[in-house]
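The values are calculated or read from the model by the stated rules, or taken from the named source; none is laboratory data. Bear in mind the structure is a predicted one, so any value in this text is a computation, not a measurement. Heads up, the Cβs are rebuilt from the backbone with ideal geometry, glycines too, and the neighbour counts pull from every protein chain shown. For accessibility, only protein heavy atoms count, side chains too; no ligands or nucleic acids. Shrake-Rupley method; radii C 1.70, N 1.55, O 1.52, S 1.80 Å.
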Amino acid sequence: MELHILEHSLKVASIEKEGIQICTHGLIKLAFLASKTRCKFFSLTETPEDYTIIVDEEGFKELPQSEHISVADATWLALNVVSGGGNASNSQPIGVTKIAKSVIAPLADHNISVFMLSTYQTDFILVRERDLPMVMHTLSSEFTLLRVVNGETFAAHDLGVTNGFVNPHVFNHFGFSVPRPIIHPLSSPSNMFCVTSLDPDTLPSVATLLMDVMFYSGGPKESGASSEDSSHIRFFSFSLIEGYISLVMDEQTTQRFPNNVLFTSASGELWKMVRIGGQPLGFDECGIVAQISEPLATADIPAYYISTFKFDHALVPEENIQSVIGALRTKSTAQ
């Protein structure tokens with residue numbers, strides 16, 4: 001297995017809902033007019049609280065300075081696990097549960113915070129740039145480390161840097177490892193979600209619709225939910241990374257698109273969300289992704305995982321949601 005360290009230097013930012021109008025010029029340019037920018041990594045995720053933006057330095061220049069924009073105090077680098085060669089965007093998706101034990105858990109054990117972005121194509125693990133030497137040292141025994149520059153891969157060498165922190169595994173009296181505690185509240189909105197993509201050549205034909213979905217369809221009635229359904233939430237994610245588009249939206253929103261525009265899996269799979277956090281999570285706490293992904297990996301349940309500025313979100317197959325919630329809440333209340 002290869003661990004690719006992508007060349008993008010990334011910023012993670014939050015745009016308040018009431019401030020989105022001053023940012024739409026730059027966001028529309030980043031999403032729909034990629035040829036007019038030098039941006040190669042752009043992601044926008046709307047939640048009930050705000051918009052989370054993940055963008056490289058070139059793309060960040062397109063956003064205005066504003067009191068409505070909060071920027072995480074770090075530069076982030078994107079890592080990608082690739083099986084059998086290839087690059088991040090055209091490899092088969094590994095899934096966050098497939099890398100839970102080999103990447104997510106070891107980083108949590110070494111007190112290294114991660115920020116996750118799952119897309120239709122692959123999973124990106126974001127780490128602070130200053131933590132990269134420790135990340136490389138932690139994962140070097142499991143992976144071939146490669147830097148990606150202009151699409152070419154070059155060997156990246158472990159410098160042996162460590163932060164000296166190792167979270168020892170706790171064992172019960174039977175000799176089994178004690179699961180990582182889940183310490184944040186969990187909820188599951190009523191929406192069912194689709195993870196999909198589209199051909200970039202068809203983007204102009206649905207640009208007006210996508211702009212409406214991104215910026216102007218904020219209420220539950222527009223998205224097809226009953227006004228009495230208080231557990232239906234607003235969630236939409238658009239990523240344009242190295243020319244590949246990824247979309248996460250609820251089932252009602254996908255029905256607004258013309259036939260044969262969105263990619264679908266052969267099974268037409270729908271996903272349910274587990275939302276993590278009662279209060280904003282912040283960026284310094286380690287192990288949140290591991291708390292969720294490790295039990296899912298043990299149960300062999302696939303999942304997408306999207307971190308946002310305030311909360312985290314895991315998407316699991318619709319048929320697994322009750323067992324997932326039950327298992328995670330059991331681990332939470334057992335602590």
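Here are some notes:
Okay, residues lined up against (1) within 25 Å of Phe236 (Cα to Cα); (2) touching a Gly at 6+ places or on another chain (Cβ under 7 Å); (3) part of a loop (DSSP other than H, G, I, E, B); (4) of a type outside the set (Asp, Glu):
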site: Gln291; (1), (2), (3), (4): yes, no, no, yes
site: Pro302; (1), (2), (3), (4): yes, yes, yes, yes
site: Tyr305; (1), (2), (3), (4): yes, no, no, yes
site: Phe309; (1), (2), (3), (4): yes, no, yes, yes
site: His313; (1), (2), (3), (4): yes, no, no, yes
site: Asn320; (1), (2), (3), (4): yes, no, no, yes
site: Ala327; (1), (2), (3), (4): no, no, no, yes
site: Thr330; (1), (2), (3), (4): no, no, no, yes
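- Among the residues making up the range 145-158, those that are surrounded by 14 or more Cβ atoms within 10 Å (Cβ to Cβ) and out of contact with any helix residue (DSSP H, G or I) (no Cβ under 6 Å at 6 or more places or on another chain) are Leu146, Arg147, Val148, Thr153, Ala156.
This table checks each residue for (1) more than 30 Å from Val213 (Cβ to Cβ); (2) modelled with pLDDT of 95 or more.
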residue: Leu79; (1), (2): no, yes
residue: Asn90; (1), (2): no, no
residue: Gly95; (1), (2): no, no
residue: Ala100; (1), (2): yes, no
residue: His137; (1), (2): yes, no
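- For the range 236-252, taking the residues that are open to solvent by 10 Å² or more (accessible area, probe 1.4 Å) and under 20 Å from the mean Cα position of the chain (by Cα), the one that is nearest to Met273 (Cα to Cα) is identified as Glu251.
- Contacts under 8 angstrom Cβ, first residue in the range 104-115 being aromatic (Phe, Trp, Tyr), partner open to solvent by 20 Å² or more (accessible area, probe 1.4 Å), 6 or more apart: Phe115/Phe283
- Count of the range 282-331 residues which are in contact with a strand residue (DSSP E or B) (Cβ under 7 Å, 6 or more places away or on another chain), surrounded by fewer than 18 Cβ atoms within 10 Å (Cβ to Cβ) and of a type in the set (S, T, N, Q): 0
- The range 1-28, residues that are open to solvent by less than 50 Å² (accessible area, probe 1.4 Å) and more than 27 Å from Ser102 (Cα to Cα): Ala13, Ser14, Ile15, Gly19, Ile20, Cys23, Thr24, Gly26, Leu27, Ile28
Yes/no per residue for (1) closer than 26 Å to Ile28 by Cβ; (2) modelled with pLDDT under 90:
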{"residue": "Phe176", "(1), (2)": "no, yes"}
{"residue": "Ser187", "(1), (2)": "no, no"}
{"residue": "Asp201", "(1), (2)": "yes, no"}
{"residue": "Ile233", "(1), (2)": "yes, no"}
{"residue": "Glu242", "(1), (2)": "yes, no"}
{"residue": "Leu270", "(1), (2)": "no, no"}
{"residue": "Val289", "(1), (2)": "no, no"}
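- Among (1) touching a helix residue (DSSP H, G or I) at 6+ places or on another chain (Cβ under 9 Å); (2) in contact (Cβ under 8 Å) with a residue 12 or more places away in the chain; (3) open to solvent by 30 Å² or more (accessible area, probe 1.4 Å); (4) not small (Gly, Ala, Ser) - the single one Lys36 does not satisfy: (2)
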